[in-house]
Amino acid sequence: MSVPHDVSHMFKLVALGDGAVGKTSCIKRYTEDSFNERYIATIGTTFALKTLDVVLPNGSTVKARVVLWDLAGQPTYNELRRRYMAGSSMAIIVYDVTRPQTFLDIGEWYTKFITVCPNSVVAVVGNKIDREDRLVPPEAARMVTEWLDVLHYETSAKTGVNVDSLFTDLVTRAIEKQRQLGPFDSVSGTQPPKPFKLGI
Ligand SMILES: Nc1nc2c(ncn2[C@@H]2O[C@H](COP(=O)(O)OP(=O)(O)OP(=O)(O)O)[C@@H](O)[C@H]2O)c(=O)[nH]1
Ligand SMILES: [Mg+2]
C-alpha cells in the first residue's frame with residue numbers, strides 16, 4: 001500500500017457494535033458515498049482507506065490517512081475482533097436507534113476496546129436516525145458522554161447526515177491526542193509498545 005508523500009498522519013480506526021447496526025454502511029457512506037438497503041453481514045473483517053485534509057485548531061491544514069477496519073458485529077467473531085483492535089488510534093461504537101438493546105451494549109463494547117487501546121479516541125454513534133420507528137431518544141447522547149469519555153454523534157448512513165463530520169472530528173481529535181501523548185511514529189501510526197496481556 002503506497003502512501004502519498006504529503007500524508008503526515010496515519011491512523012487505524014476500528015468499527016465496533018452489535019450486528020446489523022450499520023458499521024459497514026457508515027464506512028461505505030464515508031469512503032464511497034454509497035448505501036445498500038440489503039443486509040450483508042460482514043464475515044470476519046474488511047478494511048477501507050480514506051485520505052483527508054484536516055484543519056487543526058491553529059488554522060494549519062494537514063493530510064491524514066485512515067485505515068478503517070470494519071469488524072463483524074456478530075458474536076461468533078469475538079476473539080478475532082480483539083486481535084484486530086490492537087494498535088487502533090480510534091474507534092466508532094455504533095448502535096441502532098431503533099433497537100435499544102444495541103444502545104445498552106455500548107458499555108461492553110467500550111470496555112473491550114479501551115482495555116486493548118487505552119489512549120484512543122472513541123465516538124459512540126447512534127445510527128439510522130432517518131427511520132421513523134426510532135426508540136432510543138436523542139437525550140441518550142448526554143447520558144453516554146457523561147458516563148464514558150467519548151464523543152457522540154447521531155447519523156444516518158442512508159442519507160449521509162453527520163457521517164463526514166463524525167470521521168473528520170475523530171481524526172482531528174486523534175491528531176491532538178497524538179501531540180499530547182508525545183512523539184511516536186506519526187507515519188505508521190504505531191504507538192510505542194504497551195503492556196498487553198492476553199486473557200488466556
Ligand atoms: N434506514 C437505515 N438503514 C440502515 C442505515 N445504516 C444501515 N442500515 C441498514 O441496516 C442493515 C445493516 O447494515 P450493516 O452496515 O450491514 O450493519 P453492520 O453493523 O455492518 O452489521 P455486521 O457486519 O453484521 O456487524 C442493512 O440492511 C443496511 O441497509 C441507516 O442509516 N438507515
Ligand atoms: Mg458489517
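The values are calculated or read from the model by the stated rules, or taken from the named source; none is laboratory data. Here the structure is a predicted model, which means the values were calculated and not measured. FYI the Cβ positions are ideal-geometry reconstructions off the backbone, even for glycines, and counts take in every protein chain you see.
Return a yes/no flag: does region 45-66 have any residue that is within 16 Å of ligand 2 (Cβ to nearest atom), touching a residue at least 24 places away in the same chain (Cβ under 8 Å) and of a type outside the set (S, T, N, Q).
Taking every residue of region 45-66 in turn, none turns out to be within 16 Å of ligand 2 (Cβ to nearest atom), touching a residue at least 24 places away in the same chain (Cβ under 8 Å) and of a type outside the set (S, T, N, Q).
Working only within region 94-122, note down all residues that are aliphatic (A, V, I, L, M) and within 15 Å of ligand 1 (Cβ to nearest atom). Matches in region 94-122: Val94, Val97, Ile106. Residue count for region 6-34, restricted to those that are farther than 21 Å from Val124 by Cβ and either of a type in the set (D, E, K, R) or touching a helix residue (DSSP H, G or I) at 6+ places or on another chain (Cβ under 8 Å) (or both): 5.
Test of understanding: among Leu49, Leu68, which residue is surrounded by fewer than 17 Cβ atoms within 10 Å (Cβ to Cβ), in contact with a Lys or Arg (Cβ under 8 Å, 6 or more places away or on another chain) and either aliphatic (A, V, I, L, M) or part of a helix (DSSP H, G or I) (or both)? Lay out the reasoning, then the answer.
Values: Leu68 fails: surrounded by fewer than 17 Cβ atoms within 10 Å (Cβ to Cβ).
Unique residue meeting the criteria: Leu49.
Scanning region 8-37 for residues that are at negative phi, more than 6 Å from ligand 1 (Cβ to nearest atom), part of a loop (DSSP other than H, G, I, E, B) and surrounded by fewer than 22 Cβ atoms within 10 Å (Cβ to Cβ) gives Ser34, Phe35. Mind counting the residues in region 118-139 that are more than 21 Å from Glu32 (Cα to Cα) and either surrounded by fewer than 18 Cβ atoms within 10 Å (Cβ to Cβ) or among the basic types (Lys, Arg) (or both)? Qualifying residue count for the region: 10. Of all the listed residues (Thr155, Thr159), the sole one being in contact (Cβ under 8 Å) with a residue 24 or more places away in the chain, surrounded by fewer than 19 Cβ atoms within 10 Å (Cβ to Cβ) and hydroxyl-bearing (Ser, Thr, Tyr) is Thr159. Considering region 1-52, and only residues there that are of a type in the set (Ser, Thr, Tyr) and at pLDDT 95 or above, the residue that is nearest to Asn119 (Cα to Cα) turns out to be Thr51.
Lys112 falls short on exactly one of the conditions (1) of a type outside the set (Ser, Thr, Tyr); (2) in contact with a helix residue (DSSP H, G or I) (Cβ under 9 Å, 6 or more places away or on another chain); (3) under 20 Å from Ser25 (Cβ atoms); (4) surrounded by fewer than 20 Cβ atoms within 10 Å (Cβ to Cβ), and that condition is (3).
Taken over region 78-109, the residue count meeting the criterion of being crowded, with 18+ Cβ neighbours inside 10 Å, outside any loop (DSSP other than H, G, I, E, B) and not basic (Lys, Arg) is 13.
Looking only at residues in region 149-171 that are in a loop (DSSP other than H, G, I, E, B) and under 16 Å from Met90 (Cα atoms), the one that is farthest from ligand 1 (Cβ to nearest atom) is Asp149. Checking each residue of region 131-148 against the condition of being modelled with pLDDT under 95, in a loop (DSSP other than H, G, I, E, B) and in contact with a helix residue (DSSP H, G or I) (Cβ under 8 Å, 6 or more places away or on another chain) gives at least one match.
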